[in-house]
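Data block below; observations after.
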Amino acid sequence: MAHAVFLILSRILAVLVVAFALAHPAAAQTLDTAALAKGFASRSFDDVEKAVTQLAASGSPRAEPILRALNDRLLVIAADGALLIDKAGAYENAFTGEAVTPTAKPTPIRVNNKIRTTLAAAMGALTLMSPDRQKRLEAAEAVFKSRDASARPLLDKAIAAETDARVKARLIEARAAGVLLDQTATEAERVEAVATIRARGDQDAKGLLSSLPAEVPPAVKAAADRAITAIEAELALWNVAQNGYYGLSLGSVLLLAAIGLAITFGVMGIINMAHGEMVMIGAYVTFVVQETIRTSFPGLFDYSLLIALPLAFLVAAIVGMAIERSVIRFLYGRPLETLLATWGISLILQQAVRTLFGPTNREVGAPSFMSGAFDLGGLVITYNRLWIIVFTLVVFFALLMLLRFTALGLQMRAVTQNRRMAAAMGIRTNRIDMLTFGLGSGIAGLAGVALSQIDNVSPNLGQGYIIDSFMVVVFGGVGNLWGTLVGAFTIGIANKFLEPYAGAVLGKILLLVFIILFIQKRPRGLFALKGRAVEA
């Protein structure tokens with residue numbers, strides 16, 4: 001018991017000393033490097049602890065890297081008594097940062113639990129008062145999760161000095177977490193702390209309020225129970241919104257994978273089982289572009305996806321047109337043979353990629369603008385998914401414009417509605433078939449560029465989306481782009497709302513059963529094409 005009290009008091013003392021030094025830099029001690037090195041080199045744990053406290057209180061800019069090195073067991077003492085930091089086998093002087101080559105292998109500094117306690121307090125103090133906003137924010141979150149009541153004096157200093165609203169709010173929440181579990185705090189203070197944590201409203205706040213000890217006053221317990229109920233209600237609503245965002249994200253992926261299939265299926269009536277391999281080709285083009293940039297033009301890495309987009313479109317389109325000219329053109333009007341032929345082509349393409357790149361997954365990095373996430377209320381919005389949604393909508397509306405305002409689009413729509421009449425009017429339907437197949441394959445290549453950011457780039461990449469793509473096309477209406485859009489987002493959102501209750505596999509089965517029943521009532525999908533050939 002006495003030992004535990006001593007540990008708590010020593011930690012509070014360390015926090016107070018560092019807080020005073022940071023709040024009053026004029027009072028910071030001059031850094032006595034010789035004395036500190038001697039203290040760290042001592043075999044006495046008390047001397048090492050004293051050196052930690054003195055270094056933290058000095059206000060030196062070298063304090064944080066030295067304490068971090070000690071925490072990571074990288075602080076060592078050379079044979080001549082110099083204090084060094086081990087940088088993966090290379091050494092630097094802890095106080096100056098200069099590279100050093102010791103004559104003998106340095107000795108690591110030993111620490112015990114008491115030193116680790118003091119070290120944690122000192123590092124937390126330095127980080128909370130850091131000039132770096134992100135470090136202060138991370139430190140406040142760490143203190144909130146640690147529920148450290150002894151950090152209250154330092155948090156008060158940090159709150160008074162903080163100018164950033166978000167960081168200040170996190171500091172106040174961290175202080176409230178300590179007050180809530182502090183048995184010396186008054187009942188009114190602890191009830192007020194419950195209200196502060198309730199306002200935070202996330203899972204961490206709920207976990208803190210749910211783990212209160214049994215001996216808390218009844219008023220505090222009642223306030224915590226009310227707060228937990230309110231937080232659970234809010235989290236349930238945010239969870240619905242988060243599932244909706246995940247559904248939009250999945251729907252955008254399905255739309256991007258299915259949109260090329262929709263125009264080839266609608267114009268040509270081809271069941272193209274090799275469509276997924278066009279997606280795979282786009283992903284591997286992205287990988288090749290990034291590898292080239294990494295080795296030869298590393299400064300262009302953030303532009304790698306922009307460079308890969310037109311290349312993926314061209315490569316996939318050329319492969320698609322070659323397949324149409326060499327195989328599919330001879331199988332029009334024979335759907336079963338076309339299905340088998342394109343399935344065989346898909347196997348050939350997969351094996352070709354395995355031969356060229358190997359069977360293992362390939363890494364495709366994310367540019368800086370697609371990395372990370374941000375919070376929108378209780379939603380976590382990842383940048384890669386957000387950019388894919390935006391990119392998918394841009395591709396969708398660009399394709400709509402092409403079909404409506406270009407000669408190729410007019411001819412494609414004419415062939416879709418009535419192939420014989422279009423041929424009678426002088427439209428070269430064979431040429432339109434080739435260009436349509438190339439366009440659909442090129443769009444699948446663009447899908448591969450996007451999917452490389454959220455899925456494994458492997459020879460089997462396209463196989464995971466081909467069945468879902470056909471479901472989207474049939475459900476939305478064969479050859480209708482608006483139907484494909486509605487079908488993709490409907491299936492994506494429905495899938496994400498079913499998963500938490502039915503699981504991923506059963507959820508897909510339920511969706512498939514629903515689509516089968518739906519097609520029994522509406523065989524042409526949500527949005528059926530109009531035209532004499534269709535009506536016939």
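Mind giving me the FRET efficiency for residue 509 and residue 110? R0 is 51 Å, r the Cβ-Cβ distance, nearest 0.05 is fine. Can you show the working numbers first?
Working: r = 59 Å, r/R0 = 1.16.
So the FRET efficiency works out to roughly 0.30.
Would you please give the residues with an amide H less than 5 Å from that of residue 100, counting only those at least 5 places away or on a separate chain, with H modeled from the backbone geometry?
Excluding prolines and chain starts, which carry no amide H, the hits are 91, 92, 93.
How far is helix 481-502 tilted, in degrees, relative to the longest principal axis of the Cα atoms in the chain, given as a value from 0 to 90 rounded to the nearest 10?
Once rounded, the angle reads 50 degrees.
Can you give me the angle between helix 113-128 and the longest principal axis of the chain, using Cα atoms only, in degrees from 0 to 90, rounded to the nearest 10?
Taking the Cα atoms of the chain, the angle to 113-128 is about 70 degrees.
Sorted by packing (mean other beta-carbon atoms within 10 Å per residue), highest first, where do 463-476, 433-446 land?
Working: 463-476: 21.9, 433-446: 26.3.
In decreasing order of mean packing, 463-476, 433-446 become 433-446, 463-476.
Give me, ordered by chain and number, the residues 5 or more places off residue 373 or on other chains with an amide H under 5 Å from its own placed amide H.
Amide H neighbours of residue 373, under 5 Å, 5+ apart: 383.
Once you've got the Cα coordinates, tell me which of 50/114; 157/221; 50/87 are over 18 Å apart. If you can, show how the numbers build up before the last one.
Values: 50/114 11 Å; 157/221 29 Å; 50/87 25 Å.
The pairs that break the limit, which is 18 Å between Cα atoms, are 157/221; 50/87.
Sorted by average packing, counted as other Cβ atoms within 10 angstrom per residue and highest first, what order do 284-291, 374-381, 504-511 take? Don't jump to the answer; show the numbers that get you there.
Numbers: 284-291: 21.1, 374-381: 12.1, 504-511: 14.6.
Descending packing order for the listed peptides: 284-291, 504-511, 374-381.
Put 273, 425 in order of accessible area, largest first, 1.4 Å probe: what do you get? It would help to have the intermediate numbers written out before the result.
Values: 273 40, 425 145 Å².
In descending accessible area the options line up as 425, 273.
Averaging sequence separations of C-alpha pairs under 8 Å and six or more residues apart, then dividing by the length of the chain, give the relative contact order as a whole percent. Before the final figure, lay out the partial values.
Details: 780 pairs, mean separation 81.3, N = 536.
Reported as a whole number, the value is 15 percent.
By average Cβ neighbour count within 10 Å, what is the ranking of 104-111, 140-147, 395-402 from highest down? Kindly include the intermediate steps, with their values, before the conclusion.
On the way: 104-111: 13.8, 140-147: 19.0, 395-402: 15.4.
The densest-packed peptide leads the list: 140-147, 395-402, 104-111.
Among the aspartates and glutamates, select those whose C-alpha is under 19 Å from the C-alpha of residue 38, and discard any that sit fewer than 8 residues away in the same chain.
46, 47, 49, 64, 80, 86, 92
Taking the Kirkwood radius as the inverse of the mean 1/r across Cα pairs, report the Rg/Rh of the chain.
Working: Rg = 32.0 Å, Rh = 28.2 Å.
So for the chain, dividing Rg by the Kirkwood Rh gives 1.13.
What base-10 log of the normalised intensity I(q)/I(0) is obtained for the stretch 84-135 from the Debye formula, alpha carbons as equal point scatterers, at q = 0.15, 0.18, 0.24, 0.29 Å⁻¹?
-0.65, -0.84, -0.96, -0.99
Compute the label zone of residue 303 within the stretch 337-381: residues whose backbone N is under 20 Å from the point 7 Å along Cα-to-Cβ.
The answer is 365-371, whose backbone nitrogens lie closer than 20 Å to the label point.
Which residues' amide hydrogens lie under 5 Å from the amide hydrogen of residue 111, considering only partners 5 or more residues apart or on another chain, with H built in the peptide plane?
Excluding prolines and chain starts, which carry no amide H, there are no hits.
In the stretch 147-204, which GluC sites (Glu not before Pro) are in a loop and have at most 14 other Cβ atoms within 10 Å, using DSSP for the loop call?
Numbers: sites: 162, 173, 187, 189, 192; in loops: 162.
Answer in residue order: no site qualifies.
In Å², and per residue, what accessible area does the chain have when probed at 1.4 Å with the other protein chains present? Intermediate values should be presented prior to the final figure.
Working: 26330 Å² over 536 residues.
About 49 Å² of surface per residue is accessible.
Averaged across orientations, what area in nm² does the convex hull of the alpha carbons in the stretch 401-536 project?
Details: hull surface 39.8 nm².
Result: 9.9 nm².
Quick one: pull the percent of accessible area on the chain belonging to carbon and sulfur, 1.4 Å probe, ligands and nucleic acids left out.
On the way: 16510 of 26330 Å².
Here it works out to 63 percent.
Going by the alpha-carbon gyration tensor, a ≥ b ≥ c the square roots of its eigenvalues, is the stretch 40-132 rounded (a/c under 1.5) or, if a/c is not under 1.5, prolate (a/b greater than b/c) versus oblate?
Values: a/c = 2.03, a/b = 1.32, b/c = 1.54.
Since a/c reaches 1.5 but b/c is at least a/b, the shape of the stretch 40-132 is classed as oblate.
Okay, helix-only estimate at 222 nm for the chain: each DSSP H run of n ≥ 4 adds -39500 (n - 2.57), divide by all residues, round to 500 deg cm²/dmol; what do you get? Show your work: numbers first, answer last.
Numbers: 22 runs with 371 residues, N = 536.
Helices in the chain give a 222 nm mean residue ellipticity of -23000 deg cm²/dmol.
Could you pull the accessible area for residue 152 with a 1.4 Å probe, rounded to 10 Å²?
So the heavy atoms of residue 152 present about 40 Å² to solvent.
Just how far, in whole angstrom, is the stretch 308-349 from the stretch 219-293 if you go by their alpha carbon centroids?
Each part's Cα centre sits 27 Å from the other's.
The values are calculated or read from the model by the stated rules, or taken from the named source; none is laboratory data. Here the structure is a predicted model, which means the values were calculated and not measured. Methodologically, a virtual Cβ is constructed for each residue, glycine included, from the backbone with ideal geometry; neighbour enumeration extends over all protein chains shown. Please note that ligands, DNA and RNA were not included when accessible areas were found on the heavy atoms of the full protein model with its side chains. Shrake-Rupley method; radii C 1.70, N 1.55, O 1.52, S 1.80 Å.
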